[in-house]
Amino acid sequence: QNCLSSIVGFICNLPFHSSGMSNKMGATRWPSFTIALLLFGLVLAAGAKDKDKETKTLYTGKESWVTHLNAKTLKTEVLKSNRLWVVEFYADWCGGCKKFKPKYKELAEDLADVVSFGAINIDKNDTLVKNYGVRGLPAMRIFGLDKKKTPFELDISTKTKQYKNQRALTRDIVIHFPDNLIFQVNKKNVEKFFADDAFNYKVMLFTTKDETPALYKAISFENNDRAKFGEINVDGNEDVAKMFGISDYPKLVIIANRGTADEKIDIYEGPIKAGLVREWVDKVFPTKEVQQEYKKKVKAQKEAKQDELRAAQQEKMAEKEAEVKEKQAQELDKKMKTVRPLTLEVARKSQIRGRKSYFNQCAGSAKGFCALIVYPSEPTDEQLLEMVDLHRKWNAGGGMQDYPYKFSWIDAEDIPEAPDTFGVELFNTGDKRDVVIIGTQEEQEARYSLVQMDSDGVKYHGDQPMLQFTFFEDDLW
């Protein structure tokens, strides 16, 4: 600009000559003002050209090796993808980004078969810069299998010497393929590999190398929801290779429906090129509809198996419970041998009809307890059999052979004052009913307590199970 000012100033100060005048040599002279304008235009054009060079975008979007991304395409292309993505954040004015571009291109071309590469201009995507914590340029983020997780950050700034070696950068990208997607198969666990019924398609790589190829990692990464992937080093596992007729390596094999009538084995025979291998895999694998039907079938089979297992467990528990009850019944019968049995006929005769029979059967007993039930009317055989069962349970379960229970009953129609006398309710339905317990020991006076019993013979006082009885010395009759 200084040069331009000097030239224009010099020319503008020259004397003006019209285009029709000639100098002493006879030549026609140009007007000095016209010359100044021409020079000024040339300088402006040169400046504009330099400015275009300065503002030229680093990535035009036409590159075949990198995808130009923004907030929308990051979501559709990257976050919804089943591939591993490496994304660079850059700026057109960033000198370090310009220096890194050739290395990034070489990296993308080397890993094009297994990794996708993208680029984001920070000046046009402020939100993404904040979301992914970009602080320096160039910045690189690796989006793995779980896109919901925070992407891994690689420090590729020019201030560090960490990635002067291209192989180191490649290694730290490929390492983000998950290790657990490929099952390491050998002759001991090969059946376990095929027994996994989550997928009916199994992919097996037969190799002689210890390190898993990046392409196989990528294919397992991309298709982890379609098949189970395995890898076997044939050294020491030649028998497994013979099972599938494999004799040369490396060899990629897809086995469907192993061990069934529908078993099918496909062996890839083409060159190991990413595009061809992916095309073959897509061709062999079933459609999504077929896979969904298989998963539904497997789910139904698992649920049926679980139902069978639950039924078997319940049956086993029922058998165990029956054994326990049988054992309890045997123990009960053994204990009852020391207690006078109560039959339906005896129970029918154990009715209390007045004070005399009450004293003889209950209050005047030499020892033990009298369990007295007040029925609203004459009990049925079913009710008396319930009393017989209680007699059996209470005597055997209570451990009171020296002081046994003796059951009697009162018909409230015969003795209307009985319910009030003993404080019982006559609603003898449902799970519980009132029972009067009357205890005597030798010559002591009769004492009693009002309790309830349930259908299992468990004694209650109010809502609480009775652990022991409290007897009162009140005269009942």
- Message: How much of the pair distance distribution for the range 220-366 lies past 27 Å, counting alpha-carbon pairs only, in percent?
- Response: 61 percent
- Task: Mind listing the long-range amide H neighbours of Gly144? Cut-off is under 5 Å, sequence gap 5 or more, other chains count too, H placed in the peptide plane at 1.01 Å from N.
- Result: Phe152
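Report the Stokes-Einstein translational diffusion coefficient (µm² s⁻¹, integer) for the range 270-331, Rh taken as the Kirkwood radius over Cα pairs, at 10 °C with viscosity 1.306 mPa s. It would help to have the intermediate numbers written out before the result.
Values: Rh = 16.3 Å.
Roughly 98 µm²/s, to the nearest whole number.
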- Note on the structure: At R0 = 41 Å the Cβ-Cβ FRET efficiency linking Asp239 and Thr287, nearest 0.05, sits at 0.75
- For Phe369, list long-range residues whose amide hydrogen, built 1.01 Å from N in the peptide plane, is under 5 Å from its own amide hydrogen. Tyr405, Lys406
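Taking 0.36 nm per intervening residue step and subtracting the Cα-Cα distance, what contour gain separates Gln306 from Ile265 on full extension?
Working: separation 41, 0.36 × 41 = 14.76 nm, distance 3.11 nm.
Computed gain between Gln306 and Ile265 is 11.7 nm.
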- Task: For the range 139-146, just list the computed ³J(HN,Hα) in residue order, Karplus coefficients 6.51, -1.76 and 1.60, θ = phi - 60°, integers in Hz, with x standing in for Gly and Pro.
- Result: 10, 10, 10, 10, 9, x, 5, 8
- Message: Taking every pair of distinct Cα atoms and averaging 1/r, then inverting, what Kirkwood hydrodynamic radius in Å comes out for the range 215-277?
- Response: 13.2 Å
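Using packing as a proxy for protection, rank 298-309, 264-275 so that the peptide with the highest average count of other Cβ atoms within 10 Å comes first. Write down the numbers at each step before the final one.
Values: 298-309: 10.6, 264-275: 12.4.
Result, highest mean first: 264-275, 298-309.
FYI, it's all coordinate maths here, none of it is from the lab. This is a predicted model, so every value here is computed, not measured. Note that we place each Cβ from the backbone using ideal geometry, even for glycine, and neighbour counts take in every protein chain shown.
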